[in-house]
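Student: For reference, the structure I am asking about is given below.
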Amino acid sequence: MCFKKYLKTRQLEKQIRQLTETERQIILQASPLELGLFQGEGFHVFRKSEPDFENAYVYGLGEISRQEAEDWIIRQYLLTESEKNP
């Protein structure tokens, strides 16, 4: 089971690396999540559909690059899509 998860994660990482900038932007636009940068705190992830700042909070990514933060959102989006369409 752990090996299957490892292979799936590795395949997903490879898929993300192969995305063009246009494909990345399309996925980021389609995702229900968005990034927020807070000085000294790094990136945080929020739901786009939630107008209340407190309720929209999903996850704190910490001090990482914008690319890594976007990769996290893309990974979540692709995982959700793969579960919908196995």
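Quick note: the coordinates plus some simple rules give every number you see, no bench work behind them. Not measured: the values here are computed from a predicted model. Every residue, glycine among them, receives a Cβ derived from its backbone with ideal geometry; neighbour counts consider all protein chains shown.
Student: How about residue 4: which lysines have a C-alpha closer than 27 Å to its C-alpha, ignoring those fewer than 8 places off in the same chain?
Tutor: 14, 84
Student: Moving to a separate point now. Using alpha carbon centroids, what distance separates the stretch 48-86 and the stretch 16-45, in Å?
Tutor: First find each Cα centre; the distance between them is then 7 Å.
Student: Mean separation of Cα pairs under 8 Å and 6+ residues apart, divided by the residue count of the stretch 41-86: what relative contact order is that in percent?
Tutor: It rounds to 34 percent for the stretch 41-86.
Student: Tell me the volume per residue, in Å³, of the convex hull enclosing the alpha carbons of the chain.
Tutor: In the chain, the Cα hull volume divided by residue count equals 123 Å³.
Student: With charges only on Cβ, +1 for K and R and -1 for D and E, what is the dipole size of the chain about its Cα centre, in debye, rounded to 20?
Tutor: Taking the Cα centre of the chain as origin, the dipole is about 600 debye.
Student: To continue, here is another question. Output wanted: per-residue J couplings in Hz (rounded whole) for the stretch 43-55, from phi through Karplus 6.51 cos²θ - 1.76 cosθ + 1.60, θ = phi - 60°, x for Gly and Pro.
Tutor: The phi angles translate into 8, 10, 10, 10, 7, 5, 7, 9, x, 7, 4, 5, 6 Hz.
Student: 5 Å is the cut-off here: which amide hydrogens, built 1.01 Å from N in the peptide plane, fall below it relative to residue 33, excluding neighbours closer than 5 in sequence?
Tutor: It is 48, by chain and number.
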